[in-house]
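Read the structure below first, then the notes.
The values are calculated or read from the model by the stated rules, or taken from the named source; none is laboratory data. Note that this is a predicted model, so its numbers are computed, not measured. FYI the Cβ positions are ideal-geometry reconstructions off the backbone, even for glycines, and counts take in every protein chain you see. Heads up: the accessible areas ignore ligands, DNA and RNA and are worked out on the full protein's heavy atoms, side chains in. Shrake-Rupley method; radii C 1.70, N 1.55, O 1.52, S 1.80 Å.
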Amino acid sequence: MKVTVSRKAHFNAAHRLYRKDWNQERNESIFGKCANPHYHGHNYELIVHVTGTVDPETGYVIDMKILKDLIQKEVEEVFDHKNLNEEVADFFDLIPTAENIAIVIYSKLRPHLNTKQDLSVTLYETPRNFVTFSG
Ligand code: NI
């Protein structure tokens, strides 16, 4: 029997979506307001889902305290109140779209979980726009 447990987290971060090899006009045509050369922020909402069997001893899939601390250390402390393009090495050569941020978050968390547990990351960039990456 597998159960999915989920933990919500939050961070504020600035970004700019652009390609250095495109001019500003082309960047704006593809990335819209997110191409603003002066950057802008989003209130990112993150939901981390861990699916696995229930430990018969504890009744847990994963200890929520451990999951909370893991997200805090690997994601919130790295991304919160940061300019993703300028300050977070993962995005020096990677466009910080919600898609790519979700993939980066997944890759940061995955090594810390039991290999028998499935991980899925849902990231809201706005209340209406969100992406999910499950590996
Ligand atoms: Ni944006």
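Carbon-plus-sulfur accessible fraction, the chain (probe radius 1.4 Å, protein heavy atoms only): 51%. In the chain, taking the dipole from charged Cβ atoms about the Cα centre, the farthest positive-side position among Met64, Ala35, Phe133 is held by Phe133. Within the shell of other residues whose beta carbon sits under 14 angstrom from the beta carbon of Gly135, the net charge comes to +1, with Lys and Arg scored +1 and Asp and Glu -1. Averaging the sequence gap over all C-alpha pairs within less than 8 Å and six or more residues apart, then dividing by the number of residues, gives the range 56-135 a relative contact order of 24 percent.
Amide H to amide H, with H built 1.01 Å from N, Asn83 comes under 5 Å of Ala14, counting only residues 5 or more places away or on other chains. Here the Karplus curve 6.51 cos²θ - 1.76 cosθ + 1.60, taken at θ = phi - 60°, turns the phi angles of the range 68-74 into couplings of 4, 5, 5, 5, 4, 6, 7 Hz, with x standing for Gly and Pro. Helix-only arithmetic for the chain: the sum of -39500 (n - 2.57) across DSSP H runs with n ≥ 4, divided by the residue total, places the mean residue ellipticity at 222 nm at -6500 deg cm²/dmol.
The amide H of Val54, built 1.01 Å from its N in the peptide plane, has Val3 as neighbours under 5 Å, considering only residues 5 or more places off or on other chains.
Under 5 Å from the amide H of His10 lie the amide H atoms of Leu46, each residue being 5 or more positions distant or on a separate chain, with H modelled from the backbone and absent for Pro and chain starts.
For the range 44-122, state which trypsin sites (Lys or Arg not before Pro) are in a DSSP loop and have at most 10 other beta carbons lying within 10 Å of their beta carbon. Sites meeting the loop and neighbour criteria: Lys116. Normalising the average separation of contacting C-alpha pairs (under 8 angstrom, six or more residues apart) by the number of residues puts the relative contact order of the chain at 30 percent.
Sparse packing (at most 14 other Cβ atoms within 10 Å of the Cβ) combined with a DSSP loop state is found for the following chymotrypsin sites (Phe, Trp or Tyr not before Pro) in the range 63-131: Phe92. Ranking Tyr106, Val54, Asn12 by how far each Cα lies toward the positive end of the dipole of the chain (charges on Cβ) leaves Val54 at the top. Applying a threshold of 23 Å to the alpha-carbon distances of Lys8/Lys33; Lys8/Lys65; Lys20/Lys108 flags Lys8/Lys33; Lys20/Lys108 as lying beyond it. At a probe radius of 1.4 angstrom, the accessible area of the chain per residue rounds to 60 square angstrom.
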